[in-house]
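Structure first, commentary second.
The values are calculated or read from the model by the stated rules, or taken from the named source; none is laboratory data. Everything numeric here is computed off the predicted structure, so don't read it as measured data. Using ideal geometry, Cβ is built from the backbone for each residue, glycine included, and neighbour counts are taken over all protein chains shown. Note: areas computed on protein heavy atoms with side chains; ligands, DNA, RNA excluded. Shrake-Rupley method; radii C 1.70, N 1.55, O 1.52, S 1.80 Å.
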Amino acid sequence: MSTAKDEHETSAERGETISVTVAGREGEEVAVWLHSEPQRLVAGTVAADATIQATIPDDAELGEHSIVVRAADGTTIGSAPIEIVAAADADGELAVTGAEFSPVLPIAAAALVLLGGALVLRRAVRA
């Protein structure tokens with residue numbers, strides 16, 4: 001049994017559809033599960049090319065998991081490791097998860113400090 005987009009790929013992004021190969025089970029009813037915390041991804045018939053498509057949930061926990069295929073009677077047919085990774089944006093970069101740095105903020109803060117110092121100095125000169 002193999003998983004992901006091709007036989008050599010062992011990672012998938014949240015929301016990504018992967019192809020699970022279940023050789024010798026063409027035409028059989030199976031269920032595909034994502035394990036660490038078991039979650040059924042899909043139940044259906046294995047295609048003539050020995051594959052079934054499954055989609056990784058958008059809320060799947062990042063990290064190491066297993067894809068487990070079970071027969072209709074619940075017996076385990078096979079499993080394969082898979083790593084769930086953060087989705088990349090259209091440019092292939094990881095999505096931004098926090099605020100972006102703006103150089104304006106430190107400049108504005110420095111200007112306020114200088115202005116405050118100038119006011120203190122001005123008051124000291126008048127006194």
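Observations on the structure shown:
- Residues that are surrounded by 12 or more Cβ atoms within 10 Å (Cβ to Cβ) and of a type in the set (A, V, I, L, M) within segment 36-53 comprise 41, 42, 43, 46, 47, 50, 52, listed in sequence order.
- Whichever residue in segment 72-84 is in contact with a Lys or Arg (Cβ under 8 Å, 6 or more places away or on another chain) and in contact (Cβ under 8 Å) with a residue 40 or more places away in the chain and, among such residues, is least open to solvent (accessible area, probe 1.4 Å): 84
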